[in-house]
Amino acid sequence: MRCELCGSNQRDVIQYGHFIGKQNIMVHTNCLFFSSGLQGLRDDYGVYSFLLNEISNQRRLFNGRNCCYCKKNLANISCSHSGCQRTFHFICGLQNGTRNQFVPPYRSYCHRHVRVPKYRPKANELCCICYENIFAKTTKFNPATMLRSPCCRKYWFHKLCLQTYAHSAGDLFRCPLCNNNDNFLTTMRYWGVFVPEAIGHVELLQNVYAIVEEELPRCLFEDGYINSYHGIRYDDLYLPKSESKGLMWFSWFIENVISHPFIVLRQQCQVNIVALRFHLLPFSLVPIIIQLYSRQGAATFWKGLGCSLILKGISWLVGKYTFTGETSLIACVIRQCIEAATLVLKRSCLMSTVGSILVPHLSSNSCKQQISLKSLFFPYMCMEIAKYEFRALVKVSTLAFLRKNRLCATWELEIQKMEIKSDLIARIITEVAFYPLETILHRLLLQGTDTIIDNLDNGKSMQKQLTYYQGIGDCYNTIVSMEGYTGLYKGFGALFMQFSMHTVILNVGMWIFS
């Protein structure tokens with residue numbers, strides 16, 4: 001098994017931390033602390049938690065980053081020096097003189113930006129732990145591997161000797177010369193020595209390795225979280241799952257059911273080529289909504305809901321049972337290819353959503369005007385892959401920001417709230433960014449179907465859609481020339497109303513569940 005974050009299968013408990021895992025995810029604990037964009041949840045007892053799905057999402061970001069030392073991908077650490085763009089693996093960094101600070105906020109510095117001490121050891125200086133020369137015959141002074149005692153300033157240590165001592169001593173780690181604890185412990189952490197803190201009682205020191213091997217695998221991944229061994233308390237592992245699950249299903253219901261009337265309005269605006277009112281702001285849609293309700297009833301806002309839920313179910317099944325646990329771009333492409341194969345259903349769903357309920361669907365007599373689904377398969381697949389990756393990137397960044405500003409979040413309900421908020425923000429940004437391309441693809445899917453839609457200029461009449469687009473490029477040029485660039489954003493006011501309503505109801509639901 002390889003580390004999910006750095007891609008290495010090397011194991012060294014002393015230098016890289018414990019190699020821990022659950023299901024098919026294995027990680028070095030030190031990679032968890034220092035991976036860029038991966039934020040732990042810190043509670044009052046010093047427990048750092050990392051969501052499994054965030055680790056998998058973060059791996060996709062590291063795929064495109066190459067290590068400045070070995071030139072391979074999955075470089076999971078960035079230099080914290082301002083302006084430095086170097087990225088590297090944790091293991092490669094140790095081998096090339098980088099420094100990691102085991103104090104919040106857990107910064108890493110490449111070999112060029114490691115702080116050099118003012119004093120250097122003498123050529124015949126001995127390590128105070130192993131009593132071997134600090135300098136080997138073929139080595140030069142390296143501030144990342146040779147550390148000076150902060151209390152006994154005349155003496156030096158090999159960093160690896162200190163790390164081995166800290167791993168065995170734990171809470172009893174102190175200066176081996178003067179027995180200083182506080183100053184020595186803080187300074188050594190700052191200079192890259194990891195000191196575990198979960199030993200607890202002195203009598204447990206003899207069984208520390210048994211505790212690491214037997215207790216940690218059971219509790220590190222409790223309820224889907226990876227918890228480091230900083231002060232584990234078993235009474236803190238209880239999480240209210242019922243409230244968390246209820247909030248998750250409540251969010252799904254808002255996104256897929258309650259938001260559907262606004263999706264109907266938005267898609268009707270997007271495919272309407274002759275509309276004079278673009279409804280870029282939500283205020284212009286209010287009188288239209290009133291007219292549609294008075295003439296057609298509430299059913300006009302729930303058109304195509306059943307077909308939409310069927311498509312959501314297919315998408316969920318594909319994501320759940322196809323390449324489960326994979327995070328590579330190849331697995332994402334295969335999943336989206338399978339979903340793109342449902343274009344026939346998507347066309348039927350779009351027709352039922354935008355079509356007027358007052359006029360039955362007319363069978364098309366102009367099939368030659370329809371755009372072949374084969375020609376739309378590749379563009380649609382590319383759009384879905386781009387949306388998937390873009391949304392994942394925004395969600396990871398937003399979640400890291402929310403968790404960074406959250407000091408205490410041990411309950412699963414609180415963690416679920418941050419997940420839902422970050423997902424909503426990512427969805428809003430993604431929908432806005434891909435809105436023009438969605439407009440083009442909707443018009444191409446609907447072309448040649450003889451669909452009758454409601455006239456959203458006044459909400460009282462109906463219109464037939466007749467278009468003669470030759471492809472995506474022709475559709476874009478036609479929209480820009482006839483409707484202007486704002487024609488790509490027709491119905492944007494409905495999108496604004498949708499997410500405004502979504503945010504308000506979601507916040508009310510979070511308050512109720514809390």
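Read the figures in this text as sums done on the coordinates, not as results from a lab. In this text, all values refer to a predicted model and were calculated from it rather than measured experimentally. Quick reminder, even Gly has a Cβ in these numbers, built from the backbone with ideal geometry, and neighbours come from all protein chains shown.
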Worksheet item: Does anything in segment 144-166 have its amide N under 19 Å from the 7 Å Cα→Cβ label point of residue 181, and if so which residues?
Response: 150-152, 165-166
Worksheet item: Residue separation times 0.36 nm, minus the C-alpha to C-alpha distance between residue 1 and residue 389: what's the value?
Response: 137.1 nm
Worksheet, complete the sentence: Between residue 13 and residue 503, Cβ-based FRET efficiency (R0 56 Å, step 0.05) works out to 0.75
Item to complete: Once you've got the Cα coordinates, tell me which of 395/417; 122/154; 312/417; 71/387; 72/395; 312/387 are over 19 Å apart.
Response: 312/417; 71/387; 72/395
Discussion item. Need the full-extension length gain, residue 63 to residue 464, defined as separation in residues times 0.36 nm minus the C-alpha distance. One decimal, nm.
Written reply: 139.6 nm
Worksheet, complete the sentence: On the formula 1/(1 + (r/R0)^6), with r taken between the Cβ atoms of residue 24 and residue 248 and R0 of 25 Å, the FRET efficiency rounded to 0.05 is 0.65
Discussion item. At a 10 angstrom cut-off on C-beta neighbours, averaged per residue, how do the peptides 153-166, 471-484 rank from highest to lowest?
Written reply: 153-166, 471-484
Worksheet item: Can you work out D for segment 117-197 in µm² s⁻¹ from Stokes-Einstein, where Rh is the Kirkwood radius over C-alpha pairs, the temperature is 25 °C and the viscosity is 0.890 mPa s?
Response: 192
Worksheet item: Tell me, in nm to one decimal, what length is gained between residue 316 and residue 119 on full extension, where the rule is 0.36 nm per residue of separation less the Cα-Cα distance?
Response: 64.8 nm
